[in-house]
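No value in this document is a laboratory result; all are computed from the given coordinates. For clarity, every value in this text was computed on a predicted model and none was experimentally measured. Methodologically, a virtual Cβ is constructed for each residue, glycine included, from the backbone with ideal geometry; neighbour enumeration extends over all protein chains shown.
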Amino acid sequence: MQFKLSTMITKPDFQGEFTASILAAAASPDIISFAGGLPNPVSFPIPEMEAATKKVLEENGVVALQYSSTAGWPALRQWIAKRYETMGVTGVKPEDIIVTNGSQQALAMVGAAMLDPGDKVIVEDPTYLVALQSFHVFDPEVLPVTINADGIDCDKLAETVKANPDAKFAYLIPNFQNPTGLSYSQEVHDKVVEIFKGTNIMLLEDNPYRELRFAGTATDSFGADLGEQCCMLGTFSKIVTPGMRIGWICVRNEELRAKLLSYKATADLHTNIFSQMVLAQYLADNDVDAHIEKTKVLYKAKAEFMMDCLRKYLPAGVTFTPTEGGMFLWVTLPEGITAVDLYRKGLEKGVAICPGDPFYEVQRNVRTFRVNYSNSTDEAIEKGVKILGDVCAELIAQA
Ligand code: PMP
């Protein structure tokens, strides 16, 4: 039987195919994987969640097991709205928050609510590969803008915005960007605000790693300066648990909010209410900031250990961008060898990295790759980086 499939899903999906092959390769128990982006399970508050689950079922079981409202559980929306005060944004109301099935769903919702085929979307280059995939479903023209060590390249961004005032939105990850681990400096942040002010381009800020900063200071959310022109995505995935699939979008423009809600209602009616209520109970009964502090101590140690190993075992000519938080490091190979070469050879020797290619809209056979440090033991980090160093040296010798 041959079904006629929609062009939306059958057109080439470079990012999707690449991701699937990396995940499949890295799933083997014999492989040391730096390819994924998993939080360390040591950071999961299991007994606290058990207590919260029990309480929700005992005190509010009928509500937790019933259908619920599309926008989300009020107590959770209230908590999220208040959290924006720590990001410099005041006056966020619980009604501005839509709880989503991970922030991933919010990316798809924004695509569905804003994009027609051929519409323009500005992204960092490289950017989060599954955001690219989500937007590509709607067949937009994606306009990539280089990201530098201190954030997006403001000259190129200004040029792009000037040449494309009809762009629908710009997707930016200002803290510990995925894949590069880079953050925006205050100067870049201020310039970005100036570039977008007065345009009709929505700034879609994605900020899953902001709370995982173990050094330096974070810039305020773009929503502090841009008001309703900025929609802010957030998630509990990196600070509490990814498995409960709770994220959100803060959207203060009423027309857009109504459209997002109507799309979400048709997509899934609402986000898992049981998860939302357990999470809200957990947040009410526990000190989540203390929990995040513990996770940061762990990730700082892991990041520093991996950076030490990279300095020790990678041959001259291979460089990396140091980080002050998040979950990733971004490594650049010397001229003449590609990250895909390293990925293939590394896998043969038992180590998986994530080559940069699927994070770029256009560039292929790049020399950059991403490594994750949050979810490996120190032994695995040292062993894996040593193997990568040997493979790099071999590839350099052959180049
Ligand atoms: N945005 C970015 C930049 C991410 O790295 C991720 C997860 N890796 C997500 C969004 C989606 O996260 P979640 O759906 O778990 O909230």
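Descriptive notes on the structure:
- Cβ-based exposure ranking for Asp150, Asp289, Asp119, in which fewest neighbours within 10 Å come first: Asp289, Asp150, Asp119
- Projected area averaged over orientations for the stretch 142-243, convex hull of C-alpha atoms, nm²: 6.8
- Normalised radius of gyration (Cα atoms, divided by 2.2 N^0.38 Å) for the stretch 214-361: 1.39.
- Label point distance in nm, Ala265-Ala397, each placed 7 Å from Cα along Cα→Cβ: 6.6
- Gain upon complete extension [Asp139, Asp289; 0.36 nm per residue less C-alpha separation]: 50.0 nm
- Classified by the C-alpha gyration tensor, the stretch 350-399 has an oblate form. Its axis ratio a/c, with a ≥ b ≥ c, is 1.5 or above, and a/b does not exceed b/c.
- Förster-model FRET efficiency, 41 Å R0, Lys82 and Ala25, C-beta, rounded to 0.05: 0.45
- Among Ser262, Ser6, Ser185, the ranking by other beta carbons within 10 Å of each residue's beta carbon, starting with the fewest, stands as Ser6, Ser262, Ser185.
- Long-range HN-HN contacts of Ile32 with modeled amide H, under 5 Å: Val351, Ala352
- Antiparallel beta bridges, as assigned by DSSP with both residues in the chain, represent about 55 percent of the total such bridges.
- Simple spin-label estimate for Lys349 and Ile46 in nanometres, 7 Å along Cα-Cβ: 3.5
- Two-site label geometry, Glu228 and Phe14: point separation in nm, points 7 Å out along Cα→Cβ: 3.8
- Each principal axis of the Cα atoms in the chain has its own extent, and those three values, largest first, are 63, 58, 53 angstrom.
- Under the criterion of Cα pairs below 8 Å and six or more residues apart, the relative contact order for the chain equals 23 percent.
- Subtracting the Cα-Cα distance of Thr7 and Lys312 from 0.36 nm times their residue separation leaves 105.0 nm of extension gain.
- For Lys386, Lys82, the sequence from fewest to most other C-beta atoms within 10 Å is Lys82, Lys386.
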